[in-house]
Amino acid sequence: MIRSISLVATALLAGLGAPLSGQEMTAEEIIAAMDNNLSSENQVLTSRMVIHGRRASRTIVSKSWVVGTEKSFTEYLAPPREAGTKMLKVGDQLRTYSPQTDRVIQISGHMLRQSVMGSDFSYQDMMEDQSLLDMYSAELEGSELLDGRESWVIRLTARKPGQAYPLRRAWIDKEWLLPMQEEMYAKGGKLLKSARVLEVMRTQGRWYPKVWLFKDELKRNSKGTEWIVDEIAFDVEIPDSRFTRAALRR
Amino acid sequence: MLKFLVKGVLRDRSRSLFSIIAITIGVFLAVVYRGFVAGIFDDMLRQGAIMMTGHVKVTTRAYAAEAELMPVDLTLLGVEEILASLTEEFPDMFWTPRITFGGLLDVPDEEGLTREQGPVAAMAIDLLSPGSRMVELWDLENRLSEGRLPAAADEALLGAGYAEKLQVGVGDKVTIIGATMHGAFTTYNFTIVGMLKLGVGSLGKNLLLIDLGGAQQALDMEDGATEILGFYHDIFYVDESAVAQAAAYNASREGRGDEFSPHMIPLRDQYDMGAMIDYMDVAVVIFIGMFFLVITVVLWNLGVMNGLRRYGELGVRLAMGETKAHVYNSLVVESAVVGVGGWLLGTALGLALVYYLQEVGIDYGALMEDYNMPISHVMRGKITPDSYYIGFFPGVLAPMVGTMLAGRAIFKREMSQLFKELET
């Protein structure tokens, strides 16, 4: 699910992935194919995050520039209180700039567990930048119909201790090669987060998630956060200056 | 006769001095102990109410269910309207909104980069509204070790020890990092204008005290507060009244509104304060009862000893023709005179010390640094109405009863044996 943000991020970048549903594939091959579909050299996207709180829903609009899984720069455009807030991720460093305080703050330690703009995902989720196969061993549990579509069910087990989600289950659409549903569990088996693709779109020759629903399952009465990709462009040129601390204050 | 006995008591020091000193000390200890216990418990309730619970507290139902997590997303909104309604409905109380939240305090260097960072417990109280009693109740002017009180919403007070640890001085700008009521990451700048020495254990160590308006801006919480605290005007907690008031308030709203509707909680139902109140009631009775028993027995024994010590004198008086009843009555009256003298003196001295404790107190903060309790570091006493007469029983009645018991021997003495006894 962490992946989800990366996925949407990377999803936007993704290269072309050929449907492989008719072939016999191992779990690792399925994950690799999905990663390939969702990743790209770089991407620029405009998205909306609709955060369904216990009281009301809020919509956050942002524009992101992403290079691989290492670098990303996000500027929040709306609502007015958040407008001008920027976030820079380079490797394992995450910094945020708030125009209200004119301060650049590095987000680290326990702050990484905080919610991004009140949504259902955390900064830690955003920081996940390794490929799934680097972090998890994959096991094919079988196939299931999900919303009437054929999907592989993959069980992912963390290769090393210390992962935020030691266990995951992903339902990967056999045609679109997209993780249509994902569940993230704690070591003890408790469901921590879930993600589901509600709508897909065809862009630049591949299928991408258009609307995701993320849910922090530990939040009481959580209605989840929708992430809607409004615009996306792959493989556009992004200058290196975009990913500098100076860019945060610009 | 009374005048004669008083003169006798005053002129014969062997009859009065030791007894009066003993009774004075006993009554003094009794009055001081009563005042000390009352002061300690009163201070615990008062400090707890001011800093944590109020005499009653109004929050949303959802916040009340998760209060220990300080969930700012479940905050009360429309606070102005709720305050007006509470003030109208409960005129014997005054109401004040508050926001408590946790976050990180970030101290920048000259280039605006993080120099120091640490967790902070932020509390926003109404410091700036005209008529607010928060500065008085928190005793902020006396607890300010450096600087001044905030005069604007973006000014803050920081715990003196924590400020030293983070190397923050008066006039420095700090950034608080936290989450808004919508859960969004937020940063907000405050200028530190003063350092606090709260003297309430480790509770005050990481405290950032700000005005309500500053917290509302920082947390995107317009017209919001996590809690509204209600206090009786004389800041004296009346448990039965507060419990009944909260029950009536909640009952009148039963079945109405949602999880964000106001919900009233009396002091008793917060932070296990109920158990403490019950313990205090029992403890007062037990501690004071035991202490008084000891003092009473000592002074009673004094009366008995006085009677026995004067065995020979009484024999002479009987031999000279004084009636037994007269001798007995004179002993009892003498005992009462000595007792009243000791009681008045002991009460006066005891009240003086308790008054000193009440008004000035004794700072024992060095012993309390590691205790996470809302107890003041200044030992306080409290003069209660019963402080004036509580010494009467051990000071006057106990020696009198002792004298009466010892005096019974007068009636058992045989006149025929008196001269024989006096010869030996």
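The values are calculated or read from the model by the stated rules, or taken from the named source; none is laboratory data. Keep in mind that this is a model prediction, so the values were computed, not measured. Methodologically, a virtual Cβ is constructed for each residue, glycine included, from the backbone with ideal geometry; neighbour enumeration extends over all protein chains shown.
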- Task: Please work out which residue is nearest to the other protein chains (Cβ to nearest Cβ), limiting yourself to region B:256-289 and to residues that are within 17 Å of B:GLY48 (Cα to Cα) and charged (D, E, K, R).
- Result: B:ASP269
- Determine which member of the set B:LEU267, B:LEU302, B:LEU308 is in contact with a His (Cβ under 8 Å, 6 or more places away or on another chain) and either outside the structural domain of B:PHE190 (by TED's automatic domain parsing) or closer than 30 Å to B:PHE18 by Cβ (or both). B:LEU267
- Task: Among the numbered conditions (1) in contact with a strand residue (DSSP E or B) (Cβ under 9 Å, 6 or more places away or on another chain); (2) among the aliphatic types (A, V, I, L, M); (3) in the same structural domain as B:LEU351 (by TED's automatic domain parsing), tell me where B:ILE25 comes up short.
- Result: (1)
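Residue-wise test of (1) in a helix (DSSP H, G or I); (2) in contact with a helix residue (DSSP H, G or I) (Cβ under 6 Å, 6 or more places away or on another chain); (3) surrounded by 15 or more Cβ atoms within 10 Å (Cβ to Cβ); (4) among the basic types (Lys, Arg).
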site: B:ASP73; (1), (2), (3), (4): yes, no, yes, no
site: B:ALA84; (1), (2), (3), (4): yes, no, no, no
site: B:THR100; (1), (2), (3), (4): no, no, yes, no
site: B:GLY103; (1), (2), (3), (4): no, no, yes, no
site: B:GLU110; (1), (2), (3), (4): no, no, no, no
site: B:ALA121; (1), (2), (3), (4): no, no, yes, no
site: B:ALA124; (1), (2), (3), (4): no, yes, yes, no
site: B:LEU128; (1), (2), (3), (4): no, no, yes, no
site: B:VAL135; (1), (2), (3), (4): yes, no, yes, no
- Unique match (being more than 27 Å from A:LEU177 (Cα to Cα), at pLDDT 90 or above and either assigned to a strand (DSSP E or B) or within 14 Å of another protein chain (Cβ to nearest Cβ) (or both)) among A:LEU140, A:LEU77: A:LEU77
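Yes/no per residue for (1) within 22 Å of B:ILE125 (Cα to Cα); (2) in contact with an Asp or Glu (Cβ under 9 Å, 6 or more places away or on another chain):
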| position | (1), (2) |
| --- | --- |
| B:ASP223 | yes, yes |
| B:PHE231 | yes, no |
| B:VAL238 | no, no |
| B:ALA283 | no, no |
- Within region B:52-66, work out how many residues are surrounded by fewer than 19 Cβ atoms within 10 Å (Cβ to Cβ) and either at pLDDT 90 or above or more than 14 Å from chain A (Cβ to nearest Cβ) (or both). 1
- Those residues of region B:215-251 which are out of contact with any Phe, Trp or Tyr (no Cβ under 9 Å at 6 or more places or on another chain), assigned by TED's automatic domain parsing to the domain that holds B:GLY183 and of a type in the set (Gly, Ala, Ser), in sequence order: B:GLY224, B:ALA225
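A quick yes/no check of all residues on (1) within 12 Å of chain B (Cβ to nearest Cβ); (2) surrounded by 19 or more Cβ atoms within 10 Å (Cβ to Cβ):
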position	(1), (2)
A:HIS110	yes, no
A:ARG113	yes, no
A:MET127	no, yes
A:ASP134	no, no
- Message: Could you list, ordered by first residue, the pairs with Cβ atoms under 8 Å in which the first is in region B:74-87 and under 15 Å from B:GLU259 (Cβ atoms) and within 14 Å of chain A (Cβ to nearest Cβ) and the second is basic (Lys, Arg) and assigned to a loop (DSSP other than H, G, I, E, B), at least 6 apart or interchain?
- Response: B:LEU74/A:ARG54
- Note on the structure: Per the filter on region B:304-323, residues small (Gly, Ala, Ser) and within 18 Å of B:ALA398 (Cα to Cα) are B:GLY307
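Aromatic (Phe, Trp, Tyr), in contact (Cβ under 8 Å) with a residue 12 or more places away in the chain and away from chain B (no Cβ under 14 Å) - does that describe any residue in region A:85-99?
No, the conditions are met nowhere in region A:85-99.
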- Residues of region B:275-296 being closer than 29 Å to B:LEU331 by Cβ and in contact (Cβ under 8 Å) with a residue 60 or more places away in the chain, which ones? B:PHE291, B:PHE292, B:ILE295, B:THR296
- Pairs returned, first residue in region A:173-193 that is assigned to a loop (DSSP other than H, G, I, E, B), second residue that is hydroxyl-bearing (Ser, Thr, Tyr), beta-carbon separation under 7 angstrom, 6 or more apart or interchain, are A:LYS174/A:SER21; A:LYS174/A:SER151; A:GLU175/A:SER21
- With respect to A:ASP102, is the statement that it is of a type in the set (D, E, K, R) and at positive phi true? yes
- Query: Does A:ARG58 satisfy the condition of being over 20 Å from B:ILE176 (Cα atoms) and either of a type outside the set (Gly, Ala, Ser) or more than 12 Å from every other protein chain (Cβ to nearest Cβ) (or both)?
  - Reply: yes
- Task: Tell me which residues, restricted to region A:220-232, are modelled with pLDDT under 90 and closer than 21 Å to A:ARG48 by Cα.
- Result: A:SER222, A:LYS223
- Item | Within region A:210-243, considering residues that are touching a residue at least 12 places away in the same chain (Cβ under 8 Å) and closer than 30 Å to B:GLY112 by Cβ, the one nearest to the other protein chains (Cβ to nearest Cβ) | A:PHE243
- Message: I'm told A:SER222 meets every condition in (1) part of a strand (DSSP E or B); (2) surrounded by 15 or more Cβ atoms within 10 Å (Cβ to Cβ) except one. Can you identify the failing condition by its number?
- Response: (1)
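Per-residue answers, yes or no, for (1) of a type outside the set (Val, Ile, Thr); (2) more than 14 Å from every other protein chain (Cβ to nearest Cβ); (3) surrounded by fewer than 20 Cβ atoms within 10 Å (Cβ to Cβ):
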site: B:ALA179; (1), (2), (3): yes, no, no
site: B:THR186; (1), (2), (3): no, no, no
site: B:LEU198; (1), (2), (3): yes, yes, no
site: B:LEU209; (1), (2), (3): yes, yes, no
site: B:SER241; (1), (2), (3): yes, yes, yes
